[in-house]
Amino acid sequence: MLIELGHFALILAFGVAIVQMIVPMVGAHRGHVGWMSVAEPAATVQFLLVSFSFAALTWAFVTSDFSLQLVYANSHTDKPMIYKITGVWGNHEGSMLLWMVILALFGACAAWFGDGLPTRLRARVLAVQASISVAFFAFLIFTSNPFLRLAVPPLNGRDLNPLLQDPGLAFHPPFLYLGYVGLSMSFSFAVAALIEGRVDAAWGRWVRPWTLAAWMFLTVGIALGSWWAYYELGWGGFWFWDPVENASFMPWLISAALLHSAIVVEKREALKSWTILLAILAFGFSLLGAFIVRSGVLTSVHAFANDPERGMLILIILAIFLGGALTLFAFRAGAMEAKGVFSVVSRESALILNNILLAVSCFVVFIGTIWPLIAEILFDRTLSVGPPFFDAAFTPFMVAIAIVLPLGSIIAWKRGTLGRAAKPLGAWLCLAVALAGLTYAVQSGGSALGPIGVALGIWVFGGAVADLWMRSGREGWLSRLRRIARMPRAEWGKATAHIGMGVTIFGVAAMLAWEQEDIRIADIGDRWDVGQFAFQLDEVAQLEGPNYVTTMATMSVWRGDTQIGVLAPEKRFYPVANMPTTEAAISNGILRDIYVVVGDPQATGGWAIRVYIKPFANWIWGGAILMALGGCFSLSDRRLRVGAAARKKAPKAVPAE
């Protein structure tokens with residue numbers, strides 16, 4: 001009965017979304033306040049209904065209700081409870097329902113916290129947001145219904161993909177969807193502004209929090225996915241330029257550009273047309289990601305589905321929304337008159353350069369991702385575009401962004417001078433160059449990637465610190481530190497995010513440049529050296545887990561004559577899913593990771609063993625955490641919250657005459 005109620009709530013939410021799409025938009029056009037006021041309660045009701053539907057599906061997974069086709073295909077009674085719950089979105093239909101919950105949540109948040117928006121604009125924003133909901137409700141209900149029953153319920157299920165039975169990947173999709181779907185709010189604001197024909201500083205201030213929230217969630221989601229790939233897939237890497245990885249990275253790049261562009265709109269009322277275009281493209285890339293993940297046209301270990309027909313429907317949704325918005329943009333872009341005037345050397349120009357570099361780097365990733373599909377369709381050729389292309393084509397743009405970032409943060413608005421902006425950075429530049437030279441000398445003429453990563457990391461980190469220090473005035477140290485502590489949280493957020501980027505740049509460069517690798521066949525009792533560590537294969541045992549059998553190796557790790565730890569890499573096999581997985585054993589450290597993988601037994605005896613020493617590996621994800629934390633700081637700043645009214649000062653007492 002609960003399943004039927006969940007299905008009915010989903011259909012009812014579809015009807016509410018249709019009302020929310022039409023009535024407020026007509027009301028805004030005709031000036032009917034009553035019609036426009038329908039948007040807020042409709043957004044709330046839609047969210048409550050789709051949340052109930054999602055809760056009903058979750059209950060079916062928790063209770064192992066195998067009369068539901070989706071539960072049968074993606075669960076099992078022996079599966080741990082956390083993976084029964086995460087199995088709800090570990091498939092195409094359930095993940096689309098989660099997508100709808102988040103889409104409705106963002107619309108409801110705009111209704112709940114949008115009191116500071118003009119009535120017409122809020123009605124149009126919520127109507128556009130509802131139109132997106134209508135498209136995906138139709139897609140979900142008619143092609144991907146999660147509530148289909150089985151005529152004869154089986155005794156047990158087929159289990160969830162073993163690769164998805166992991167804490168990192170359990171939380172990766174929700175955060176990624178919060179980012180993907182969060183960009184729908186930026187899209188809705190852009191389309192609503194185009195309909196009204198007005199973009200001003202207030203619009204830039206309203207759209208920034210939504211973009212910032214989406215970018216922050218995307219950052220966390222991408223970092224979780226990268227971390228999962230690092231320790232779960234057993235190959236030791238953190239990024240493979242897989243099509244689905246790229247599908248999340250492209251909207252991240254565009255949303256970063258949009259975030260910086262919206263600042264120019266808010267501060268200087270410039271770049272209006274460009275900012276609107278970025279808002280449209282950001283959500284367009286999110287829809288493209290949904291198409292790549294669910295169509296099966298590009299092979300990926302991350303893909304949810306392999307259904308070209310449903311993928312084609314998502315492509316039609318992408319074409320309707322992106323094509324319609326771009327058509328509207330073509331008609332209205334001329335009305336977006338820029339008011340701010342600025343010189344070539346100014347913060348506005350630096351942000352434009354930042355936007356160009358981010359947009360072009362996104363275009364490079366897009367071409368590399370989609371080119372195999374184009375080559376197969378147009379030229380009937382099977383091509384593979386892998387890491388060598390992306391490393392060579394994408395890296396220079398990131399290096400350029402890192403070089404420009406500190407100067408762009410410090411240079412003055414409207415009109416500045418490079419000499420004055422570079423002065424606070426002089427000491428950091430010297431330190432970056434000196435440490436890069438020292439690194440090159442110490443590594444005995446190895447790869448230049450290490451020294452470059454050190455220089456860029458110090459430069460970006462120093463730029464963020466110098467920016468805060470420069471804004472603290474010219475008084476004594478103690479006074480300046482107090483002023484820094486009292487700075488708005490948005491300033492702290494910007495500095496923290498930029499520091500995080502510097503840390504990630506250094507982590508990536510250090511790990512790629514100084515990684516040590518050893519692959520060998522080892523017998524029980526063998527001992528060998530890798531770098532400054534020694535490894536010994538002590539035992540290999542066959543064990544049973546909750547829903548898998550495993551081959552577990554026990555390896556002791558030594559530094560000199562001192563044993564520093566024991567690692568237990570595994571090779572698991574899930575009988576229900578008939579699928580093996582590799583579970584790497586990792587000794588995490590601030591300065592290095594020791595990464596060990598056990599392979600298959602060899603016909604000649606012994607076991608295949610891979611050992612990696614990965615310097616500064618955790619700095620990659622530590623930097624991503626800092627970037628997301630910077631977004632949290634900025635989002636908590638009262639000035640960036642939509643609808644946050646100004647604090648009213650207490651009226652002064654007027655003395656009686």
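The values are calculated or read from the model by the stated rules, or taken from the named source; none is laboratory data. Keep in mind it's a predicted model, so treat the numbers as computed, not measured. With ideal geometry, Cβ positions are generated from the backbone for all residues, glycine too; neighbour counts draw on all protein chains shown.
For the residues 365, 344, the requirement of being exposed (fewer than 13 other Cβ atoms within 10 Å of the Cβ), β-branched (Val, Ile, Thr), under 30 Å from residue 452 (Cα atoms) and outside the structural domain of residue 461 (by TED's automatic domain parsing) singles out 344.
I'd like to know if region 188-200 contains one or more residues that are among the hydroxyl-bearing types (Ser, Thr, Tyr) and under 28 Å from residue 117 (Cβ atoms). Yes, region 188-200 contains a residue that is among the hydroxyl-bearing types (Ser, Thr, Tyr) and under 28 Å from residue 117 (Cβ atoms). Tallying residues that are without any contact (Cβ under 8 Å) to a residue 12 or more places away in the chain and part of a helix (DSSP H, G or I) within region 136-187 yields 1. Restricting attention to region 504-525 and to residues that are part of a loop (DSSP other than H, G, I, E, B) and in contact (Cβ under 8 Å) with a residue 40 or more places away in the chain, the residue that is surrounded by the most Cβ atoms within 10 Å (Cβ to Cβ) turns out to be 515. So, residue 97, is that one assigned to a helix (DSSP H, G or I), more than 23 Å from the chain's Cα centre (by Cα) and not basic (Lys, Arg) or not? When the stated conditions are applied, residue 97 does not pass them. Within region 208-233, residues that are free of Cβ contacts under 8 Å to residues at least 40 places away in the same chain have Cβ atoms under 9 Å from residues that are of a type in the set (Phe, Trp, Tyr) and not in a helix (DSSP H, G or I) in these pairs: 229/235; 229/238; 229/239; 229/240, counting only partners at least 6 apart in sequence or on another chain.
Conditions tested, residue by residue: (1) modelled with pLDDT under 95; (2) more than 29 Å from residue 594 (Cα to Cα).
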position: 435; (1), (2): yes, no
position: 458; (1), (2): no, no
position: 477; (1), (2): yes, yes
position: 487; (1), (2): yes, yes
position: 514; (1), (2): yes, no
position: 517; (1), (2): yes, no
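Residues that are among the small types (Gly, Ala, Ser) and either within 16 Å of residue 240 (Cβ to Cβ) or modelled with pLDDT of 85 or more (or both) within region 363-403 comprise 368, 384, 386, 392, 393, 400, 402, listed in sequence order.
Scanning region 551-604 for residues that are among the hydroxyl-bearing types (Ser, Thr, Tyr) and not in a strand (DSSP E or B) yields one hit, 604.
Set side by side, the residues 84, 79 differ, and just one is under 28 Å from residue 230 (Cβ atoms), among the charged types (D, E, K, R) and in a helix (DSSP H, G or I), which is 84. Annotation: of all residues in region 403-459 being more than 34 Å from the chain's Cα centre (by Cα) and of a type in the set (Ser, Thr, Tyr), the one that is surrounded by the fewest Cβ atoms within 10 Å (Cβ to Cβ) is 444. For region 548-564, does any single residue satisfy the condition of being assigned by TED's automatic domain parsing to the domain that holds residue 608 and in contact with a Gly (Cβ under 7 Å, 6 or more places away or on another chain)? Within region 548-564 (the criterion being assigned by TED's automatic domain parsing to the domain that holds residue 608 and in contact with a Gly (Cβ under 7 Å, 6 or more places away or on another chain)), the answer is yes, since at least one residue qualifies. Being surrounded by fewer than 24 Cβ atoms within 10 Å (Cβ to Cβ), of a type in the set (Ser, Thr, Tyr) and farther than 21 Å from residue 357 by Cα is a property that does not hold for residue 188.
I'd like the residue in region 159-184 that is crowded, with 24+ Cβ neighbours inside 10 Å and more than 13 Å from the chain's Cα centre (by Cα) and, out of all such residues, is farthest from residue 62 (Cα to Cα). Selected residue: 184. Residues in region 308-354 that are part of a loop (DSSP other than H, G, I, E, B) and polar (S, T, N, Q): 343, 346.
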